[in-house]
Each structure stands twice: as structure tokens, then as C-alpha cells.
């Protein structure tokens, strides 16, 4: 049961993050290699923290986009058990209806559902689009409208949608008052991660060697997170962008400078994605498809 709760919580986190929450400010590490390192949060005590990255692959500041289509094939491995999840989403933002923080800064835009959407010939459901954020120290939860969504566990429940790797998935948008729009969405090759964790927290000598099936696409994204003792939700801490060459050694200070005594699990997420844009102006559309593999490991 504990393992199932952890996996369920990680999936819910993916749903929230890929729901396009406003990305938090990040700090970029200078590095002599071609890898890029970012700090996603310094406040590990904030149980409501949401980085807006992902683990869903959507890594952009979505305030600048009008429409988004996101497809994700997700695997979560915990205690030698792996479940597969499929997620399809579409969001259309009404830029005439901005939402602001109390200090006047732009937070997001309200959404609209201007027609009927199908992914791989399956009719998408409309569900509430929640946005959780902090405003002047208080936690807020607001509904910005509706979004289109399908998701399934092992391709069976609750929706029939199944993500296909290294393939193309048909997308159809019928705005009712205009002719339908149809095109195929290219998906990436499946990514399969492996983590070798050495050392222990007591000696402050933890070392993580990350390996995956290289495909030599341009780059992949790695997210390093932690899970606090007694909780099931993860907190993303670092993001690394690196070559898709199959291996990376995480700098020791990344792990050993964390207050590891407060956490009992590490989460390593591997993301390989294909992104492109269609249209411009009010018709600008981000199309993002990603293969995601999250691995949960006890801290020795």
C-alpha cells in the first residue's frame, strides 16, 4: 500500500505540473561542461512548492503561449515495481482574461474550451484547470477554467488513451463553427533510466551515476527531487540539461549539501522530448511530446 501511495502521489504531481503551473524563478549554475544545471527551489520546507517543471516535460514560461498540446508517456519505478501511465492534455488560453498576483504581476490567463478534441480518435474530457501558487506567503488554489485531458494507467483505466513511442499520434480539433483541424504529433523514442547510488548520508559522500538508453537526440532533461520523511509528494530540487549520450555523474555537492536527514527518498526523472510550434499570434501553438521515466530510491 505504501508503494502504491507513493506512485499515485508522483502521478498526481505530474498532473499538477503538466497542468502548466507558472514556473518558479530558477538559478542557473555556471559549468565548464556543456551541461546546464539549475536550482529549482531553495525552500525545501515549503510543502506546497511546485516548480512548474517537470517532470511532464513542459519547461517553458507558459504565460507567453496561447495554446498548448502535451502528450506524455510516463513510467514510475519504485521498489522494483514499474507502472506505465499515458497523459494527453490541451489548453487554450484567453489572453483577454489575465489573472494577476496581488502585487499586479501577471500570473496566468483564464482558459477556454472552444470545441471538441480527440487524441488518437479518443474523445478528450474537459476537467477543471487548477492553479496552485503562493501569494504574499499564503497558499492559493484557483480554477482558471477547463482543459482537455485523457490519462490511463497501463493503457486501461480510466481512459482508453495509450501513448505510443517513436510514433505519430493523430490529433483532431473541431471548433464547431469552423472546419476541423487534423495533424499527427511525433513522439520521441522511449527513455529508460537507471540509477547507481553510492555512499551514504552519514558520511556525506553520496554519489549518483545516471544511465539511460542513449539515442543521440539533441538533449535530455534530468530532474532531481526529494521526498520528506512521512510524506509521499516529491519536491523537485535540481534540473540538468545534458547530451543524450547515455550517462552522467551528478556533482557530489548536489546531493551532499541537501539536508538529507530530513528526507528518506530521492527521485530521479529522465525526460526525452520532441517540441515544435505551429502558427503565430493568437493562434500560436506549442506541441510537446515526452517520454518520462521517474525512479524513486531510498537514501542509504
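The values are calculated or read from the model by the stated rules, or taken from the named source; none is laboratory data. As the structure is a computational prediction, the values presented were derived from the model and not from experiment. Reconstructed Cβ throughout: ideal geometry from the backbone, glycine too, with neighbour counts over all protein chains shown.
Selection within the range 133-159: residues that are farther than 30 Å from residue 98 by Cα and assigned to a loop (DSSP other than H, G, I, E, B). The member of this set that is farthest from the chain's Cα centre (by Cα) is 156.
Once the range 160-176 is narrowed to residues that are in contact (Cβ under 8 Å) with a residue 60 or more places away in the chain, farther than 26 Å from residue 80 by Cα and in a loop (DSSP other than H, G, I, E, B), the residue that is nearest to the chain's Cα centre (by Cα) is 175. For the range 106-125, enumerate the residues that are in contact with a helix residue (DSSP H, G or I) (Cβ under 8 Å, 6 or more places away or on another chain) and within 16 Å of residue 283 (Cβ to Cβ). Answer for the range 106-125, where residues must be in contact with a helix residue (DSSP H, G or I) (Cβ under 8 Å, 6 or more places away or on another chain) and within 16 Å of residue 283 (Cβ to Cβ): just 109.
Being at pLDDT below 85 and in contact with a strand residue (DSSP E or B) (Cβ under 7 Å, 6 or more places away or on another chain) is a description that does not apply to residue 95.
Assess whether residue 239 counts as being surrounded by 15 or more Cβ atoms within 10 Å (Cβ to Cβ) and either in contact (Cβ under 8 Å) with a residue 60 or more places away in the chain or not in a strand (DSSP E or B) (or both). Yes, satisfied.
The residues on offer are 196, 227, and the sole one that is under 16 Å from residue 297 (Cβ atoms) and either in a loop (DSSP other than H, G, I, E, B) or free of Cβ contacts under 8 Å to residues at least 60 places away in the same chain (or both) is 196. Does any residue of the range 206-213 turn out to be within 15 Å of residue 296 (Cβ to Cβ), at pLDDT 90 or above and surrounded by 14 or more Cβ atoms within 10 Å (Cβ to Cβ)? Within the range 206-213 (the criterion being within 15 Å of residue 296 (Cβ to Cβ), at pLDDT 90 or above and surrounded by 14 or more Cβ atoms within 10 Å (Cβ to Cβ)), the answer is yes, since at least one residue qualifies. For the range 199-219, a residue qualifies if it is more than 23 Å from residue 82 (Cα to Cα) and outside any loop (DSSP other than H, G, I, E, B), and exactly one does: 207.
Somewhere in the range 122-130, is a residue modelled with pLDDT under 90, more than 18 Å from residue 70 (Cβ to Cβ) and assigned to a strand (DSSP E or B)? Looking through the range 122-130, none of the residues is modelled with pLDDT under 90, more than 18 Å from residue 70 (Cβ to Cβ) and assigned to a strand (DSSP E or B).
Residue check: is residue 280 at pLDDT 90 or above, within 30 Å of residue 168 (Cβ to Cβ) and out of contact with any strand residue (DSSP E or B) (no Cβ under 6 Å at 6 or more places or on another chain)? When the stated conditions are applied, residue 280 does not pass them. Across the range 242-254, the qualifying residues are those that are touching a strand residue (DSSP E or B) at 6+ places or on another chain (Cβ under 9 Å) and under 21 Å from residue 204 (Cα atoms), and the one among them that is surrounded by the fewest Cβ atoms within 10 Å (Cβ to Cβ) is 249.
If you go through the range 28-86 and keep only what is assigned to a loop (DSSP other than H, G, I, E, B), within 13 Å of residue 241 (Cβ to Cβ), more than 18 Å from the chain's Cα centre (by Cα) and modelled with pLDDT under 65, you end up with 31, 33. Scanning the range 95-105 for residues that are in contact (Cβ under 8 Å) with a residue 24 or more places away in the chain and part of a strand (DSSP E or B), we see that the one that is farthest from residue 285 (Cα to Cα) is 99.
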